[in-house]
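Undergrad: The structure follows.
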Amino acid sequence: MADAVAGRDRCGEQRLVSLPLSRIRVIMKSSPEVSSINQEALVLTAKATIYYQRRF
C-alpha cells in the first residue's frame, strides 16, 4: 500500500496515477448520464483528483 501512495507500482516503475482507476470508473459510472468511459478521460479525472487533494 505504501508503494501506491508513493506513485510506484509493484515492479518499482513510476505510475501515472496513484489512485485505483477501477474505483474511479465505478464512481463515474454511477451517474445515469454516463454509459461508457474513455481510458484517457479516466486517467485525466484521476490526475485532476490528485491535484485537488494536494491543494486542499
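Undergrad: Between residues in region 24-36 that are within 16 Å of Ala46 (Cα to Cα) and residues that are of a type in the set (Ser, Thr, Tyr), which pairs lie under 8 Å by C-beta distance while being six or more apart or on different chains?
TA: Ile24/Thr45; Ile24/Thr49; Met28/Thr45
Undergrad: Scan region 15-45 for residues that are within 8 Å of the chain's Cα centre (by Cα) and in a loop (DSSP other than H, G, I, E, B) and report the count.
TA: Residues flagged as within 8 Å of the chain's Cα centre (by Cα) and in a loop (DSSP other than H, G, I, E, B) within region 15-45 amount to 4.
Bear in mind that the values in this text are calculations on the coordinates, not laboratory data. As the structure is a prediction and not an experimental result, all values here were calculated from the model. Note that we place each Cβ from the backbone using ideal geometry, even for glycine, and neighbour counts take in every protein chain shown.
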